[in-house]
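Since the structure comes first, as structure tokens, the remarks are kept for the end.
The values are calculated or read from the model by the stated rules, or taken from the named source; none is laboratory data. The structure displayed is predicted, hence computed values, not measured ones. We place every Cβ from the backbone using ideal geometry, glycine too, and count neighbours over all the protein chains shown. SASA here: full protein model, heavy atoms, side chains in, ligands and nucleic acids out. Shrake-Rupley method; radii C 1.70, N 1.55, O 1.52, S 1.80 Å.
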Amino acid sequence: MNRQALDELKQQIPLMGYLQAHDWSPARPLSGGRWMGLCPLHEDHKPSFLVDTNKDLFYCYGCGRGGDVIRFAELYHQVKFPQAVAWLRQWRGAEPLLQEAARFYRIQLHRHSEAVAYLYQRGIRSQALIEHMGIGYAPGGCLRGWLTQLGHSLTALRQAGLVTGVGYDAYVQRIVFPLEGNLYGRSLSLAAPPHRFLPGSKGGLYAWKQAQSHPEVILVEGLFDYAVLWEAGFHNVTCSLGTHLNAHQLRQLCDGPRTVYVAFDADGNGSGQQAAQCLSRSLRERGITTRMVSLPEGHDPSSFFVQGGDARQFQSLLEEAQ
Ligand SMILES: [Zn+2]
């Protein structure tokens, strides 16, 4: 990539926008379009991270690091310069496309009673919750036509993973949840693998901005778990989209003092509980208090609520958590 292409890339991804998309928020303004906030690159307790929105540069008075959006991506994702550039290019290209796809899937949801019925059966019953999570439905066989008609190239659709190599919609009969830089698809059909993500990172913790400010946070492994807890009034909930947390998610969870209630599946083979133990060890090493929520055998938060559990009963599980 030549100098001009790099400059273009930087212009198209303003540093502040990229930071905010990664859960950074400014703590206080300085003069001349400059902002101070906590440093996302080291454990920071008083704002030492300066962002200059006019020059599109950052500098941290704590860890002494600074530069442009590419330098930030290198440090933040812990990759070398070429990978950081590739990462940013993909981010720039995929984001508008994914938003368009998510919008299309949202429109489809209410045209397909089987999708609404499935959500109902999984405890997602209010329109407010559906809107809060931006839930949609991919019937299959119609996204490609819609997006190409809007002027997106087939190559771009393939690159984003929305369309397969041979040109079919990648998500068929799936409930779709938009994530940061990805879309999660849950299959209605038992014949297909239940969980799918588009290629690339699953992103950070789900809806972290809302959970972040709470001194106590409930961590669940699936979006259906997130949904029932949110609906029951627990708005301090977040989701890791699987039992394994990536480095970014781990850093988010440890970005301040808090207690984390780990409510993973109590599945028969114990894999959810094993993962929860392992996670709680690594959180404790980072100074985070953890409590393990024990659900009745064979349950996850989703099935707990679907089978008649209520907020008061879940609250007592939280209080009993070790
Ligand atoms: Zn720093």
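Annotations for the structure displayed:
- Condition met for Cys254 (closer than 20 Å to Asp23 by Cβ and in contact with a strand residue (DSSP E or B) (Cβ under 7 Å, 6 or more places away or on another chain)): no
To keep it simple, each residue is scored yes or no on (1) under 22 Å from Gln90 (Cα atoms); (2) open to solvent by less than 40 Å² (accessible area, probe 1.4 Å); (3) out of contact with any Pro (no Cβ under 8 Å at 6 or more places or on another chain).
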position	(1), (2), (3)
Asn2	yes, no, yes
Leu9	yes, yes, yes
Leu19	yes, yes, no
Ser25	no, no, yes
His42	no, no, yes
Pro47	no, no, yes
Thr53	no, no, no
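- Residues of the stretch 147-191 that turn out to be of a type in the set (A, V, I, L, M), more than 16 Å from Ile107 (Cα to Cα) and touching a residue at least 40 places away in the same chain (Cβ under 8 Å), as a count: 6
- Residues in the stretch 182-207 that are under 25 Å from Gly93 (Cβ atoms) and among the basic types (Lys, Arg) were compared, and the one that is farthest from the chain's Cα centre (by Cα) is Arg196.
- Meeting the requirement of 3 or more residues that are within 16 Å of the ligand (Cβ to nearest atom), the helices (runs of 4 or more DSSP H) wholly within the stretch 1-80 are 69-77.
- Residue pairs meeting the criteria (Cβ under 9 Å; at least 6 apart or on separate chains; first free of Cβ contacts under 8 Å to residues at least 24 places away in the same chain, in the stretch 297-313; second hydroxyl-bearing (Ser, Thr, Tyr)): Gly309/Ser303
- Looking across the stretch 111-145, the residues that are assigned to a loop (DSSP other than H, G, I, E, B) and under 28 Å from Ala311 (Cα atoms) come down to Arg122, Gly123, Ile124, Arg125, Ser126, Gly134, Ile135.
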